[in-house]
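Remarks on the structure that follows.
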Amino acid sequence: MTMNLESLTHGVGEWLRGTGPESDIVMSSRVRLARNVAHYPFVSRASDQDRAEIEKFLRDRIATAPVGRDLDYIDVGRLEEVDRQFLVERQLISREHAEAQGARGVAIDGREQVSLMINEEDHLRIQCMHSGLDLAGVWEQIKAVDDQIEKVVPYAFHPRFGYLTACPTNVGTGIRVSVMLHLPALVITRQIDKVFRSLHKISLAVRGLYGEGSQAMGDFYQISNQTTLGKTEEELLEQVGDVVPVLIDYERRAREFLVRETQQNVHDQVSRAFGILRTAQTISAEETMQLLSRVRMGVLLGLIGDVQIADINSLLVRTQPAHLQKLRGVELDTKDRNIERARYLRQHFEAGGGAQASQN
Amino acid sequence: MGPLGVGQTADELAALDQKACDMCGITFFEFRNQGRLGCPHDYVHFEKELEPLIANIHGATTHTGRRPSRAAAAGLPEGTDELTGLIGLRRSMKDAIACEDYENAKEDRDAIRALEDRWLGPPPA
């Protein structure tokens, strides 16, 4: 059950597949469940030996479940930093998991939809992710995985408090439902803060691309539930799911407004963004993401031709630091990365873009 | 009256802070500092202290979602606190061995095996 990360490098992963319902605005739908085994201390209080035993216990048990046969296991503790970062960029592990110490790992299915983090903040974090808006599909899939694991792993459970977690903010269902949205028009028309304030009022959290504490880069935002106890999983899925069509509608209207009222301006903005991406000699990851975000919108508005959305999506992940280094096969410092990134983008667009990169 | 000090005297708070879980040994003070609990038994041991905190975070204190089905199928209680007892037994056995108290160590070992047999079944092939 070991995996070669190189094989992942050439795809783009589930969240950037660019398919699925509403995928012009909804990048991905994701659910994670926090679970712990009953007979060990939580991770932050577990000794090195405890952590090693927890990892082995979960690995061995999960391997006996049907889902275990479809998973490849990666020993995160033994990975080089660039490989850990690669998995973060891929959204298969959290930043916390990448930066933690001690025995830990992740099991991933070949389609990169299911990932099981072992010894993150909780002993087990089950994550399931689909491209586009598909919370119902994600829920069905993760429920089946959870059921299978529950048959072989004694989850810590309290009759009144539910599934027990290291942090009381996750206790109960242990569920976090998130939808990642691309909202450039709401950003440009300066309506985004107003939208977020109203989301906070109904107990939803808004985060950037890489979760807790991360900045919203490239107009990508994750909306998720904040409470986990007192409501059923289905109610919490609805809480997030119900607001997504509203946000999609706002973003679509803002895009229409931009085209109708400020077409020349918007066309100019996205064309300039495209121009920089095709000609820059050195460029940071942040700027690249910001410009790709604008180009992505331009393509969707029909202002830029000859570029596929799947192509832009693949560039979004391949121009990130670890991906770039894996693709080039060398470790590079920030300055060299910026030069290499610009070269990668130029070559990509000169080669006609889409063809080789859109395959997944 | 809550764990955050509302309506409690300094002495009461100090006593609460020193109260330690008898499985993982974490004190309420340590939990308040780190924001992470030490083991599943903390939810039983600090139930009174955690309850207002949980109510504050979630606006509720009773789980209404999915429940594990494995325990019922195996004739075990739904709550897993008995199994969490392994954490305390392992610690006790280690201490007994360190004191060369082999009689108690053997008792602990037998209790550990009994709990493992009851809850964990045979290790997977």
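Karplus-derived 3J(HN,Hα) values for the stretch B:60-69, using 6.51 cos²θ - 1.76 cosθ + 1.60 with θ = phi - 60°, are 6, 10, 10, 6, 10, x, 4, 10, x, 9 Hz; glycine and proline are entered as x. Applying the criteria of a DSSP loop state and at most 14 other Cβ atoms within 10 Å to the trypsin sites (Lys or Arg not before Pro) of the stretch A:134-202 yields A:Arg160, A:Arg190. For A:Lys335, the lysines whose Cα comes closer than 20 Å to its Cα, not counting residues fewer than 8 places off in the same chain, are A:Lys326. Relative to the longest principal axis of the Cα atoms of chain A, the long axis of helix A:285-300 makes an angle of roughly 70 degrees.
For chain B, adding -39500 (n - 2.57) for each run of n ≥ 4 DSSP H residues and dividing by the number of residues yields -17500 deg cm²/dmol at 222 nm. Taking amide H as placed 1.01 Å from N in the peptide plane, the amide H of A:Ile74 sits under 5 Å from that of A:Val106, A:Ala107, A:Ile108, each at least 5 places away or on another chain.
Within chain A, the longest run free of GluC sites (Glu not before Pro) that sit in a DSSP loop with at most 14 other Cβ atoms within 10 Å is A:81-211.
Can you give the charge dipole size of the stretch B:69-118 about its Cα centre, rounded to the nearest 20 debye, using +1 on the beta carbon of Lys and Arg and -1 on the beta carbon of Asp and Glu?
Working: 8 positive and 12 negative charges, 48 e Å.
It comes to approximately 220 debye.
Amide H to amide H, with H built 1.01 Å from N, A:Gln308 comes under 5 Å of A:Gly354, counting only residues 5 or more places away or on other chains.
Applying both filters, DSSP loop and at most 13 other Cβ atoms within 10 Å, to the GluC sites (Glu not before Pro) of the stretch B:66-116 gives B:Glu78, B:Glu100. Scanning the protein assembly as shown for cysteines with no neighbouring cysteine C-beta under 4.7 angstrom from their C-beta gives A:Cys128, A:Cys167, B:Cys21, B:Cys99.
When chain A is treated as a GNM with alpha-carbon contacts under 10 Å, the residue of A:Asp24, A:Asp72, A:Asp193 showing the greatest mean-square fluctuation is A:Asp193. Counting only residues at least eight positions apart within a chain, or on another chain, the lysines with an alpha carbon under 26 Å from that of B:Lys94 are A:Lys56, B:Lys19, B:Lys106. Working from Cα pairs under 8 Å separated by at least six residues, relative contact order for the stretch B:69-118 is 32 percent.
Just checking the listed ones, B:Gly88, B:Gly38, B:Gly65: in the Gaussian network model of chain B with Cα springs under 10 Å, the one fluctuating most is B:Gly65. Whole Å is fine, so just give me how far the alpha carbon centre of the stretch B:40-113 lies from that of the stretch A:38-109. Between the Cα centres of the stretch B:40-113 and the stretch A:38-109 lies a distance of 23 Å. Loop-located trypsin sites (Lys or Arg not before Pro) across the stretch B:1-106 with a Cβ neighbour count of 15 or fewer within 10 Å are B:Lys19, with loop assigned by DSSP. Here the 3J(HN,Hα) profile of the stretch A:34-49, calculated from phi with Karplus coefficients 6.51, -1.76 and 1.60 at θ = phi - 60°, is 9, 9, 9, 7, 6, 9, 9, x, 4, 4, 5, 10, 7, 6, 4, 5 Hz, Gly and Pro shown as x. Computed from phi, the 3J(HN,Hα) profile of the stretch A:193-198 under the Karplus parametrisation 6.51, -1.76, 1.60 (θ = phi - 60°) reads 5, 5, 4, 5, 4, 6 Hz, with x in place of Gly and Pro.
Just so you know, all these numbers are worked out from the coordinates, no wet-lab data involved. Remember, it's a predicted structure, so these values are computed and weren't measured experimentally. Every residue, glycine among them, receives a Cβ derived from its backbone with ideal geometry; neighbour counts consider all protein chains shown.
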